Amino acid sequence: MSDPAQPDLDVNTELLVLEDNETHVLTWDAEPRDGGFDVHVLNDRVDALGFMVLADWQFLDGKAYAVVERRPGR
C-alpha cells in the first residue's frame, strides 16, 4: 500500500493592473485560505506596484477585482 499524493498547497497567484496601454503583472506563491482571498495581502501587493485601492475588493468566479489608482510621485 502506498500513501496517496499530498496536495500541493502552493498556489501561483497573479495580480494584473491595467493602466492606459500598460499591463503590470505581479506573481507570488500563496497558501489558499479556505478558498477565499486575503484582502490584506491583495492590498500589500497592489501597494508594492505603486497603486492604491480606491474601492473595496469584489469577488466573482474565483477572482478578485478592485479599482486602483497610481500613488502620487511614483
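The values are calculated or read from the model by the stated rules, or taken from the named source; none is laboratory data. These figures come from a predicted structure and were not determined experimentally. Glycine also receives a Cβ, built like all others from the backbone with ideal geometry; neighbour counts cover every protein chain displayed. Remember, those area values only see protein heavy atoms, side chains included, never the ligands or the DNA or RNA. Shrake-Rupley method; radii C 1.70, N 1.55, O 1.52, S 1.80 Å.
From the list ASP47, ASP20, the lone residue that is under 24 Å from PRO72 (Cα atoms), open to solvent by 100 Å² or more (accessible area, probe 1.4 Å), of a type in the set (Asp, Glu) and at pLDDT 70 or above is ASP20. Taking the criterion of being outside any strand (DSSP E or B) and open to solvent by less than 90 Å² (accessible area, probe 1.4 Å), the residues of segment 50-66 that qualify are GLY50, ALA55, TRP57, GLY62, ALA66.
Only residues that are surrounded by 10 or more Cβ atoms within 10 Å (Cβ to Cβ), modelled with pLDDT under 60 and of a type in the set (Asp, Glu) were counted across segment 23-44, and they come to 0. Cβ-Cβ contacts under 6 Å between residues 6 or more apart (or on different chains), taken from a first residue in segment 57-73 that is over 15 Å from HIS24 (Cβ atoms) to a second residue that is in a loop (DSSP other than H, G, I, E, B) and open to solvent by less than 90 Å² (accessible area, probe 1.4 Å), are listed as TRP57/ALA66; ALA64/PHE37; ALA64/TRP57.
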